[in-house]
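The values are calculated or read from the model by the stated rules, or taken from the named source; none is laboratory data. Please read these numbers as outputs of a predicted model, since none were measured by experiment. As a convention, Cβ positions derive from the backbone with ideal geometry for all residues, glycine included, and neighbour counts pool all protein chains shown. Surface accessibility is based on the protein's heavy atoms, side chains included, excluding ligands, DNA and RNA. Shrake-Rupley method; radii C 1.70, N 1.55, O 1.52, S 1.80 Å.
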Amino acid sequence: MTTIIAGAVGLAGAMGSAPVAVGAPQVGPDVSSHQHPGGASINWSAVRASGQQLAMVKATESTWYVNPHFVQDSLAMRAAGLVRGTYHYADPTRSAAQQAAFYATIVLGQNGILDLPPVLDLEHSGGLGPRALAAWVREFFAVLEPLTGRKTILYTYPRFWNTAMGATREFGDHPLWIASYNGRGAPEMPRGGWRTWRFWQFTDSGWLPGVPTRVDLNRYNGSIASLRAYGNAINVFGS
């Protein structure tokens, strides 16, 4: 994901063997302010008409940044009938508890029909070592999950997890959204205890009708029906 702190994700990593749904469907983009050059809008109805089922939008970063297009995109996604997700870009140089509360406050209305669980985008260590960074993630989840009532999805990429997180298996019970641009039939997997993945960001340079720039595209490890059911699983911790 592109952010105001970090650049494009580097995606070298150890190859893992994880179960993968054969022909896992491309389901949709994830976007941030970068997909709004010059303030341009995204036509979410056109995105949906192109066959996409899902859209994820950056909501917050650190303890202070709110994506200026978040509300507009979030409402338009809902109106277009897309399964909707949001994410928080982690800044481990600042309080995890404060960031979790900040994110939850901004996305308070994102817990209804066709809403996915919240997402922590973790791709920047903030200078913390593996143990300290794991403690930061633990604190973020401990604050966020009672507020949302849902198990947080964790976005990361293999090399980061294997090095900055020390390949910890502590968070293997959280749904994995893995970034892996390997051009293969399955993503590279981190050594983090996951037997499979939930979402796979397979490119950062896709094109879609209605989006004025290149955009990240994602696959879902399951059927479209199960994706929509996942979005409907409201107020069920562990969904």
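How many residues does the range 43-57 hold that are without any contact (Cβ under 8 Å) to a residue 60 or more places away in the chain and not small (Gly, Ala, Ser)? Of the residues in that region, 2 qualify.
Only one of the numbered conditions (1) in contact with a helix residue (DSSP H, G or I) (Cβ under 6 Å, 6 or more places away or on another chain); (2) open to solvent by less than 20 Å² (accessible area, probe 1.4 Å); (3) at pLDDT below 95; (4) not basic (Lys, Arg) is not met by Leu147, and that is (2). Checked against the criterion of being out of contact with any Ser or Thr (no Cβ under 6 Å at 6 or more places or on another chain), modelled with pLDDT of 95 or more and either closer than 19 Å to Leu227 by Cβ or of a type in the set (A, V, I, L, M) (or both), the candidates Ala8, Ala46, Ala12, Ala59 yield just one match: Ala46. Residues that are open to solvent by 10 Å² or more (accessible area, probe 1.4 Å), in contact with a Gly (Cβ under 6 Å, 6 or more places away or on another chain), in a loop (DSSP other than H, G, I, E, B) and not aliphatic (A, V, I, L, M): does the range 117-134 have at least one? For the range 117-134, residues open to solvent by 10 Å² or more (accessible area, probe 1.4 Å), in contact with a Gly (Cβ under 6 Å, 6 or more places away or on another chain), in a loop (DSSP other than H, G, I, E, B) and not aliphatic (A, V, I, L, M): absent. Take Asp30 and decide whether it is of a type in the set (D, E, K, R), in a helix (DSSP H, G or I), in contact with a strand residue (DSSP E or B) (Cβ under 7 Å, 6 or more places away or on another chain) and at pLDDT 95 or above. Against the criterion (of a type in the set (D, E, K, R), in a helix (DSSP H, G or I), in contact with a strand residue (DSSP E or B) (Cβ under 7 Å, 6 or more places away or on another chain) and at pLDDT 95 or above), Asp30 does not qualify. Among the residues of the range 69-83, is there at least one that is free of Cβ contacts under 8 Å to residues at least 12 places away in the same chain, among the small types (Gly, Ala, Ser) and open to solvent by 10 Å² or more (accessible area, probe 1.4 Å)? Looking for residues that are free of Cβ contacts under 8 Å to residues at least 12 places away in the same chain, among the small types (Gly, Ala, Ser) and open to solvent by 10 Å² or more (accessible area, probe 1.4 Å), one finds none in the range 69-83, hence no. Quick one: would you say Gly238 is open to solvent by less than 60 Å² (accessible area, probe 1.4 Å), over 18 Å from Pro29 (Cβ atoms), modelled with pLDDT under 95 and out of contact with any strand residue (DSSP E or B) (no Cβ under 8 Å at 6 or more places or on another chain)? Yes. Of the set (1) surrounded by 15 or more Cβ atoms within 10 Å (Cβ to Cβ); (2) in contact with a helix residue (DSSP H, G or I) (Cβ under 6 Å, 6 or more places away or on another chain); (3) not hydroxyl-bearing (Ser, Thr, Tyr), all apply to Trp197 but (2).
Once the range 163-194 is narrowed to residues that are among the charged types (D, E, K, R) and exposed (fewer than 15 other Cβ atoms within 10 Å of the Cβ), the residue that is farthest from Glu145 (Cα to Cα) is Arg184. Per the conditions (1) within 17 Å of the chain's Cα centre (by Cα); (2) outside any helix (DSSP H, G or I); (3) within 17 Å of Val27 (Cα to Cα), the sole criterion not satisfied by Asn111 is (3). Of all residues in the range 43-64, those being out of contact with any Leu (no Cβ under 8 Å at 6 or more places or on another chain) and either assigned to a loop (DSSP other than H, G, I, E, B) or crowded, with 19+ Cβ neighbours inside 10 Å (or both) number 10.
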